[in-house]
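Please read the structure below before turning to the comments.
Coordinate-derived values only; no laboratory data. The model shown is predicted, which means the values in this text are computed figures rather than measured ones. Backbone-built Cβ (ideal geometry, glycine too); neighbour counts: all protein chains shown.
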Amino acid sequence: MVQLNGNSECKGITSSQSALSCQVLEKYPNTPMSHKEILQVIQKEGLKEISGTSPLACLNAMLHTNSRGEEGIFYKVPGRMGVYTLKVSARGRVGTYTPLG
């Protein structure tokens, strides 16, 4: 179950994938992540039971779509293929990328 605190930048997001990804990136604000790493955190921390035939492809498509335009909540890190952070976290800095693992 996705539960966001009252100060969350992710408050009001309706898509389950978007809310989960946002929750993960909020929890690790200085660690931009790929869709694979976000999915690993979701599974490892038991945030949601993952099912379906292509959860990685769906998550990647959602991140890409929601990183475009002014309304996008995610920010694609320049020079890093498929690595995202929250747009709010990226303002004023693009930190170094350290893969989880």
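Only Cα pairs under 8 Å and 6+ residues apart enter the sum, and on that basis the relative contact order of segment 16-90 stands at 34 percent.
Close lysine pairs were tallied over segment 16-90: pairs 8 or more places apart or on different chains with Cα atoms under 18 Å apart number 9. Shape call for segment 16-90 from the C-alpha gyration tensor, a ≥ b ≥ c root eigenvalues: rounded (a/c under 1.5), prolate (a/b greater than b/c) or oblate? Since a/c reaches 1.5 and a/b is larger than b/c, the shape of segment 16-90 is classed as prolate. As a rough guide to protection, the peptides 62-71, 17-26, 30-39, 46-55 ranked by mean Cβ packing within 10 Å, highest first, stand as 17-26, 30-39, 62-71, 46-55.
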